[in-house]
Amino acid sequence: MCGIVGYVGKNGATKILLNGLKNLEYRGYDSAGLVVFGSNSAPFLVKKKGQVEVLERECAKRNLSGGFSGLCHSRWATHGGVSDKNAHPHWDCQKRFFIVHNGIIENYKELKDKLLKEGHKFNSETDTEVVAHLFEKFYNGDLNRTVEKVMRKLNGAYALVGILKNKPDVIFFARLSSPLIIGKKEGEVFIASDVNAFIEHTKNVIYLDDYDYGVISADNILIKNLHNKKKKKGDIKVIDWDYEAGLKKNYRHFMLKEIFEEPEAVINATRGRIIIDDMQVKLGGLEQVRHRLRLVDKIVLCACGTAYNAGLAAKIFMEEYLRLPVSCEVASELRYRHFPYDAYTCFVGISQSGETIDTLKALEHAKKLGALTLGVVNVVGSTIARATDAGVYLHIGPEIAVASTKAYIAQIVVLYLMALYIAQLKNIKILKKKVILEAILKLPMHLRQVLNNSRSVKTLADDFKNYRHFFYLGRKYNYSVVMEGALKLKEIAYVFAEAYPSGEMKHGPIALIDRKMVNIVVAPKDSVYKKNLSNLEEIKARGGKVIVITNNKDSAIEKLGDNVLYIPKTIEELNPILAGSLLHLFAYYYALTKNRPIDKPRNLAKSVTVE
Ligand code: M6R
């Protein structure tokens, strides 16, 4: 989604801003803009439809390389079409306040009508522009007071960052429900919607909270809060991600790099958490809530997209080993339902970015109604991580490609560990615990075996490149992975793919089967293997093309599948992880045959911070 970068300092604002914006490109956008202040009295301003390169070219054309402060922004259109004039920054009638914004100002229409009546002239169709005019209206010489006044007029979600032409060495900001982070270095200050924008310059960051606002300059940071919530001394955090980790290295796409990082993701997500000699799971992040967790009598897993798919596998695991009612919910739906939360409900928000607004809002709702809220999040210090009572980080490093891959793998593993940890607290004896823990420790090796077979997956994708309709079918633990496989194919290859629990086919969708329909069936030897085979027979009998993913070399399955791909043998709980890696590869290679922009698929954004 939209990206914000702001900078004040002595090291050439233009380059720092443009590089920062490039580091946010993975989030998805359709236009970009920049304002830079330097020795000239008028700021340098450019806004263009398209990619950051267009801004870069424009800056080069006009010989702009320096500047001591500025803002830039990549826009993912919500209010107003994709055009130069709707790109940020926006300004007021006198062109004094330059504003960039992520989020949505919900009451912009009524504010705009009022401002129009008062004589303000608008240049764009965006909700953001009202903010610039509100600054013009309320400014009385005190920037901080003006930001506060403007905030009190706004409803919705915003990360707002602005510069006043007469005070170009100061950046003002405000935050509500949309991420904003300050980065600090001697003589320089950065502000951005994502640490990746400035991680190559500094790892010292301050995560802003809802209702925070204030002003920053190269040697001063002033943060206030509309509700008088004070920042604590330890609020400057040092982030542990490397700039290097976010580079593509020799891979053609970030997505491929991240798939090949899946074995390492498991190693990092389990490091220090499995004490095999004692057969114990140690999750330091949950220690502080252990007394409440022990009493929990129902669990709600809540997420969007891939994180939701990971939750589907965890739901089955938790039900099986905790013997509690567990539901797995799509966040955008759950937040508008009347779920019966109470103090014994454990709500688990699963999110790679930790910024997905639907998941965050569902979590806040559950917390308000008394549930214990936990997070399974990758980005340290993200909004969801900070909004929960406690949580477990994935620790898998940055995931840059829009299509989430290694996060799916690590989320399942961490959720399983969470279940085993809760079982420990509740003194539930799990006979299979040692087997499960040992199998998890072997996962990296098994994942490497899947990845070593990537050539045959590529060949398969090439062979099927002309098919346009795909069913992904699986049962029990593998319903999760077929959802994940179908999601990946849709989002990066733009091909219609639908996931179904195999047993559900005969209740309607089987009517669609003909020789043009490809059925990717995940059927490892597990507790539902025989049932799966029957479902496969039903499809085969109707002429469907069948690709089977299994770990069982048997003649029956080889007869049924037009193609068979093998994954290593493991316990049934971990099959979705191995099949997941294989289906990530399949979607990747399939999208490659179509020459799609794999890392930045159309219409999509990496973290979805609007509803
Ligand atoms: O950052 P999150 O895990 O909260 O993101 C959730 C979804 O938006 C995300 O998984 C999305 O579905 C991916 N593009 C799927 O590949």
task = Select from segment 147-160 the residues that are within 16 Å of His227 (Cα to Cα) and either of a type in the set (Ser, Thr, Tyr) or assigned to a helix (DSSP H, G or I) (or both) and list them in ascending order.
result = Val147, Glu148, Lys149, Val150, Met151, Arg152, Lys153
Positions within segment 83-124 being open to solvent by 10 Å² or more (accessible area, probe 1.4 Å) and in a helix (DSSP H, G or I), in sequence order = Tyr108, Lys109, Glu110, Leu111, Lys112, Asp113, Lys114, Leu116, Lys117
request  = Those residues that are out of contact with any Pro (no Cβ under 9 Å at 6 or more places or on another chain) and farther than 22 Å from His469 by Cα, I need them from segment 535-556; list them, please.
outcome  = Lys553, Asp554, Ser555, Ala556
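From the set of residues in segment 477-504 that are part of a helix (DSSP H, G or I) and surrounded by fewer than 22 Cβ atoms within 10 Å (Cβ to Cβ), which is nearest to the ligand (Cβ to nearest atom)? If you could, list the steps in order and put the result at the bottom.
Filtering segment 477-504 for residues part of a helix (DSSP H, G or I) gives 477-493, 502-504.
From what's left, surrounded by fewer than 22 Cβ atoms within 10 Å (Cβ to Cβ): 490, 503-504.
On the way: Lys490: 9, Gly503: 25, Glu504: 22 Å.
This residue is Lys490.
Do we find that Asp127 is within 25 Å of Cys93 (Cβ to Cβ) and not in a strand (DSSP E or B) in this structure?
Details: within 25 Å of Cys93 (Cβ to Cβ): yes; not in a strand (DSSP E or B): yes.
Here the answer is yes, as Asp127 does meet what is asked.
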inquiry  = Restricting to segment 338-360, give me the number of residues that are over 21 Å from Met418 (Cα atoms) and among the β-branched types (Val, Ile, Thr).
reply    = 2
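Quick check on segment 406-418. Is at least one of its residues open to solvent by 20 Å² or more (accessible area, probe 1.4 Å) and not aromatic (Phe, Trp, Tyr)? Quick ask: steps written out before the conclusion?
The first filter runs over segment 406-418 and keeps only residues open to solvent by 20 Å² or more (accessible area, probe 1.4 Å), leaving none.
There is no residue in segment 406-418 that is open to solvent by 20 Å² or more (accessible area, probe 1.4 Å) and not aromatic (Phe, Trp, Tyr).
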Phe317, sole failed condition from (1) more than 15 Å from the ligand (Cβ to nearest atom); (2) open to solvent by 30 Å² or more (accessible area, probe 1.4 Å); (3) touching a helix residue (DSSP H, G or I) at 6+ places or on another chain (Cβ under 9 Å) = (2)
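So, in segment 338-394, of the ones that are free of Cβ contacts under 8 Å to residues at least 24 places away in the same chain and out of contact with any helix residue (DSSP H, G or I) (no Cβ under 9 Å at 6 or more places or on another chain), which residue ends up least open to solvent (accessible area, probe 1.4 Å)? Don't jump to the end; show me each part of the working.
Initial filter on segment 338-394 (free of Cβ contacts under 8 Å to residues at least 24 places away in the same chain): 338, 340, 364, 367-368.
Pick out the ones that are also out of contact with any helix residue (DSSP H, G or I) (no Cβ under 9 Å at 6 or more places or on another chain) and you get 338, 340, 368.
On the way: His338: 177, Pro340: 86, Lys368: 175 Å².
The selected residue is Pro340.
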request  = Run Glu200 past the list (1) of a type in the set (Asp, Glu); (2) in contact (Cβ under 8 Å) with a residue 60 or more places away in the chain; (3) surrounded by 17 or more Cβ atoms within 10 Å (Cβ to Cβ) and report the number of the one that doesn't hold.
outcome  = (3)
ask   = Do any helices (runs of 4 or more DSSP H) entirely within segment 324-436 hold 1 or more residues that are within 13 Å of the ligand (Cβ to nearest atom) and farther than 25 Å from Cys2 by Cβ, and if so, which?
value = 406-425
query = Just a yes or no: is a residue in segment 556-571 in contact (Cβ under 8 Å) with a residue 60 or more places away in the chain, open to solvent by less than 50 Å² (accessible area, probe 1.4 Å) and within 30 Å of Leu334 (Cα to Cα)?
reply = no
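Just to be sure I understand, how many residues within segment 193-252 are in a strand (DSSP E or B) and either at pLDDT 90 or above or not aliphatic (A, V, I, L, M) (or both)?
Here is the first cut: in segment 193-252, the ones in a strand (DSSP E or B) are 204-207, 212-217, 220-225, 236-238.
Adding the requirement that they be either at pLDDT 90 or above or not aliphatic (A, V, I, L, M) (or both) leaves 204-207, 212-217, 220-225, 237.
Total satisfying the criteria: 17.
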request  = Return a yes/no flag: does segment 465-476 have any residue that is among the small types (Gly, Ala, Ser), modelled with pLDDT of 95 or more, away from the ligand (no atom under 16 Å from the Cβ) and in contact with a Ser or Thr (Cβ under 9 Å, 6 or more places away or on another chain).
outcome  = yes
ask   = Name the pairs: first residue in segment 590-611 and over 20 Å from Ala307 (Cβ atoms) and in a helix (DSSP H, G or I), second residue open to solvent by less than 20 Å² (accessible area, probe 1.4 Å) and modelled with pLDDT of 85 or more, Cβ to Cβ under 6 Å, at least 6 apart or on different chains?
value = Tyr590/Ala461; Tyr590/Ala493; Ala591/Ile492; Ala591/Ala493; Ala591/Ile598
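Open to solvent by 10 Å² or more (accessible area, probe 1.4 Å), within 16 Å of the ligand (Cβ to nearest atom) and not in a loop (DSSP other than H, G, I, E, B): is that true of Met445 in this structure?
Working: open to solvent by 10 Å² or more (accessible area, probe 1.4 Å): yes; within 16 Å of the ligand (Cβ to nearest atom): no; not in a loop (DSSP other than H, G, I, E, B): yes.
Here the answer is no, as Met445 does not meet what is asked.
The values are calculated or read from the model by the stated rules, or taken from the named source; none is laboratory data. Since the structure is predicted, the reported quantities are computational estimates derived from the model, not experimental observations. So basically every Cβ, Gly included, is an ideal-geometry build from the backbone, and we count neighbours across all protein chains shown. The protein model used for the area step is the full one, side chains on, heavy atoms only, and it has no ligands, DNA or RNA in it. Shrake-Rupley method; radii C 1.70, N 1.55, O 1.52, S 1.80 Å.
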